[in-house]
1. Contact list please: Cβ distance under 7 Å, first residue in segment 251-263 and more than 18 Å from Gln116 (Cβ to Cβ), second residue surrounded by 15 or more Cβ atoms within 10 Å (Cβ to Cβ) and among the acidic types (Asp, Glu), pairs at least six apart or on different chains.
2. Does segment 298-320 contain at least one residue that is modelled with pLDDT under 95, of a type in the set (A, V, I, L, M, F, W, C) and under 17 Å from the mean Cα position of the chain (by Cα)?
3. Find all pairs meeting these conditions: Cβ atoms under 9 angstrom apart; at least six residues apart or on different chains; first residue within segment 320-347 and closer than 17 Å to Met14 by Cα; second residue of a type in the set (Asp, Glu) and part of a helix (DSSP H, G or I).
4. Could you list all residues from segment 190-249 that are of a type in the set (Val, Ile, Thr) and not in a loop (DSSP other than H, G, I, E, B)?
5. Tell me, which strands (runs of 3 or more DSSP E) wholly within segment 1-53 include 2 or more residues that are surrounded by fewer than 17 Cβ atoms within 10 Å (Cβ to Cβ)?
6. Looking at Asp236, Asp245, Asp220, Asp212 in this structure, which one is acidic (Asp, Glu) and either in contact with a strand residue (DSSP E or B) (Cβ under 7 Å, 6 or more places away or on another chain) or under 18 Å from Ile320 (Cβ atoms) (or both)?
7. Can you give me the number of residues within segment 219-244 that are closer than 17 Å to Asp47 by Cα and over 24 Å from the mean Cα position of the chain (by Cα)?
8. So Glu77 clears everything in (1) part of a strand (DSSP E or B); (2) under 25 Å from Ile183 (Cβ atoms) except one condition, right? Which one?
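The values are calculated or read from the model by the stated rules, or taken from the named source; none is laboratory data. What you are looking at is a predicted structure, and each value in this text was computed from that prediction instead of being measured. Positions of Cβ are generated from backbone atoms using ideal geometry, with glycine treated the same way; all protein chains shown enter the neighbour counts.
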Amino acid sequence: MIMKKKIFTSIGLMSGTSMDGVDLSVIKSDGNDQFSSIYDTYKEFDDGLYKQLISLRDKISNFTDLKTHSKEINDVEKKFTLFNSHLINEVMGHINEDIDLIGFHGQTVFHNPKIQISKQLGDGRLLSSLFKKIVINNFRQNDLNHGGQGAPLTPIFHCLISKIIQKNFKLKLPINIINIGGITNITQIKKDINNSINFFAYDVGPGNCLIDDWVRNNKDLKFDKDGNYANIGKVDDLILNQAIDNFEFKSYETSLDVKDFDTSFVKGLSFEDGCATLTKFTAYLITDGLRKINKNNNINPNQYIFCGGGRKNKFLMQSISNYLRDKNIMINNIDDYNFDGNFIESQAFAYLAIRSYLKLPISFPSTTRCKKIISGGVIQKNF
């Protein structure tokens, strides 16, 4: 007799490096090949919490800072956790589902694989006690403990997406799924000579982080909507080419943090010209990374599928297309394949919560550089 796999109903909560709010997704999955999206929503942080989060991240640049600011960390963590709980409450009123698990990624304020520390704000035990549900959090630490970079963790979900897209839209491998969040990462899915599915993942460069940082520091705004300011501005080619020449990317085998990049090289430019130049710089690093990784993996892709907030920046996407200069490469948003590109990460952490609960792998040597295939996440049951 074949046992039917349990289908879990899982919530995923994700707050990215833009620190603008929380994405929440409700999915149904067995943690393997079964998947359906039930509900997605986004809630923006109030100004007070937003400013506290940005300020706290700016204060933490090493392990000592985590200790020095521990009181503030605890205070902001509680407010952040309660913000997430309010969002869950709102969603519970809209859906008629019995929730099995909550995947709570939290808000990253410090990430340094060299010392095996990645700090995400978010009190999983408090959230568990509030809803009398099992919460999975601290997804990255087990990977770090096993020599991994702690990121990216979404590739196993990207693999599932690629299977669904292949089936429904008759796409052929290799498929490249590129997430432009604060940092840009790519998952490459291909078949080997034995027709087995292999996947690889890399952080390839900045995503929205440089543009967001410039906008935050020069306007009372959080990001350049649709790339409109960049489109108005003029790229300073001299500064752009100097920045490209001066930038040294040591290895695509390591994860990136928003603090690996800064906007100082455009500080003499007007606001709009700064947006344009930073966006072009970002596009160059992304496409340069894609080319080098494709060459290293002997992949000649004809399909790039973009997700994450950066896909909505028209100036950035056009710049990426211009730099690729290849008419044989199809560039599509993941939305074209019936997935909402705003919620891939929150859906991923709902899916990873199920896999963590079932002790299924979420980290792989080909994605995070961990020493062996491992699971991760901490199960919190505080009721």
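1. Thr263/Asp213
2. no
3. Gly341/Asp335; Asn342/Asp335
4. Ile197, Val204, Ile211, Val215, Ile232, Ile239, Ile244, listed by residue number.
5. 35-44
6. The match here is Asp212.
7. Count: 2.
8. In the conditions (1) part of a strand (DSSP E or B); (2) under 25 Å from Ile183 (Cβ atoms), Glu77 misses (1) alone.
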